[in-house]
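Working notes, beginning with the structure itself.
Rule-based calculations on the coordinates, nothing more; no lab input. It should be emphasised that the depicted structure is a prediction, and the values quoted were computed from it without experimental measurement. So basically every Cβ, Gly included, is an ideal-geometry build from the backbone, and we count neighbours across all protein chains shown.
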Amino acid sequence: MPESYPWHEPVLTAIKQRWQQDELPSAIGLACAEGWGGQALLSAATSLLLGLPNDKDPAELAHPDLRWIVPEGAAIKIDQIRTLNAFAVQTPQIASRKVVAVLDAHLMNINAANTLLKTLEEPPPNTHILLSTQYWNRLLPTIRSRCQCFQVRPLAGQAKTWLNQQGLSFSAQHFAQAGYAPLSMRDQFAELDVDDWLGKAATASHFGPLVDDAIEVGPPLLLAAWYRALIQQQGEQPSRVLLAFAEELMDTRRMIETSNSTNIRLALERLFHLWQQVCGRLQRQTS
């Protein structure tokens with residue numbers, strides 16, 4: 001059963017109102033920051049438009065008037081969008097409209113994005129194309145201009161209340177390291193102290209368990225938390241060594257997110273080697 005979150009309600013209410021007033025466009029952007037439940041929002045909006053029960057996950061349904069598209073590895077490819085376009089021009093079979101739900105739409109490669117643009121320029125009737133993304137500005141400007149964007153407001157107070165309801169104590173520092181994202185804090189960082197983990201990484205003789213931790217949490221999430229922990233450590237005179245390493249963290253994260261050919265274990269082991277060199281250099285500077 002898909003989860004629901006209170007911060008999604010304003011978006012879903014707005015979509016429902018536009019739909020009831022017959023003012024809902026064919027192309028809809030769903031902008032939801034990382035760790036705030038973008039997939040759950042896409043599921044809820046899809047169920048709303050198709051009249052599906054809330055206890056069913058659209059991503060797992062074989063519905064004739066629904067196509068659910070997710071990245072293949074690190075990208076959404078042109079063949080997936082060609083399939084989308086072919087479906088979009090068909091006639092609805094059992095619902096009053098068709099829905100195409102695209103998860104992580106910012107991962108469309110350039111050929112896929114340009115192919116989708118052709119359909120958005122002349123949208124077929126009775127069809128809604130939902131583009132869910134954590135990074136609205138990464139979509140082509142021409143695609144953004146053809147979508148009506150509904151954006152989730154990431155309210156820290158609402159997140160704190162929700163986390164407390166989940167039985168989690170709220171720590172501003174841990175919330176920051178989790179990217180100010182309640183789902184990331186609950187699912188990935190509830191049992192992982194990033195500062196303690198980095199201390200172990202500085203002295204570890206074998207990186208296998210650390211790499212396993214990173215893969216379990218999710219490498220992009222953990223690298224982002226690592227980055228934030230480094231930034232939090234900076235004082236009035238930031239360390240050039242730490243700032244340079246922070247750039248390495250972000251470069252590695254982008255590489256993991258955007259390339260299917262990246263060897264994640266080797267990329268993480270490289271970072272741990274560099275981290276130990278950085279820690280050794282900083283220790284020599286202060287001794």
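The value for the stretch 192-286 of Rg(Cα) / (2.2 N^0.38 Å) is 1.04.
In this calculation the C-beta distance from Asp196 to Ala86 is compared with R0 = 51 Å, giving a FRET efficiency of 0.50. For the residues Ala172, Ala159, Ala201, a GNM of the chain with alpha-carbon springs under 10 Å puts the largest fluctuation on Ala172.
Overall form of the stretch 6-154: rounded. Here a/c, set by the Cα gyration tensor axes a ≥ b ≥ c, is under 1.5. Peptide packing for 273-280, 109-116, 180-187, 17-24 was compared via the average number of neighbouring C-beta atoms within 10 Å per residue; ordered from the highest value, the list is 180-187, 109-116, 273-280, 17-24. Helix 194-203 against the longest principal axis of the chain: what's the angle in degrees, Cα atoms only, rounded to the nearest 10? Roughly 50 degrees, rounded to the nearest 10. If only the Cβ of Lys and Arg carry +1 and only the Cβ of Asp and Glu carry -1, the dipole of the stretch 6-154 around its Cα centre is close to 280 debye. Placing one equal scatterer on every Cα of the chain and applying the Debye formula, the log10 ratio I(q)/I(0) at q = 0.17 Å⁻¹ is -1.35.
Measuring nothing but how far apart in sequence close Cα pairs (under 8 Å, 6+ apart) lie, relative to its length, the chain scores a relative contact order of 20 percent.
Between Glu216 and His273, what length in nm is gained on full extension when 0.36 nm per residue of separation is reduced by their alpha carbon distance?
On the way: separation 57, 0.36 × 57 = 20.52 nm, distance 1.99 nm.
Additional length available on full extension: 18.5 nm.
Of all the options Pro220, Pro64, Pro238, the one that moves most in a Gaussian network model of the chain with Cα springs shorter than 10 angstrom is Pro238. The sum of -39500 (n - 2.57) across all DSSP H runs of n ≥ 4, divided by the residue count of the chain, sets its helix-only mean residue ellipticity at 222 nm to -16000 deg cm²/dmol. Think of the stretch 6-154 as a dipole: +1 on every Lys or Arg Cβ, -1 on every Asp or Glu Cβ, centred on the Cα centre; then among Leu120, Leu103, Thr13, Leu120 lies furthest on the positive end. Distance from a point 7 Å along Cα→Cβ of Lys118 to each backbone N in the stretch 64-83: keep the residues under 19 Å and list them by number. Of the residues in the stretch 64-83, 76-83 have backbone N under 19 Å from the label point off Lys118.
Express as a percent, rounded to the nearest 5, the fraction of DSSP beta bridges in the stretch 5-132 (both residues included) that run antiparallel.
Working: 1 of 15 bridges.
Counting DSSP beta bridges with both partners in the stretch 5-132, the antiparallel share is about 5 percent.
Straight-distance candidates among the lysines for linking to Lys77, with alpha-carbon spacing under 26 Å and chain neighbours fewer than 8 residues away dropped: Lys98, Lys118.
Treating r as the C-beta distance of Ser169 and Gln234 and R0 as 22 Å, the FRET efficiency rounds to 0.25.
Can you figure out the FRET efficiency of Met1 with Arg97, using R₀ = 22 Å and their beta-carbon distance, to the nearest 0.05? Taking R0 as 22 Å, the efficiency between Met1 and Arg97 is 0.40.
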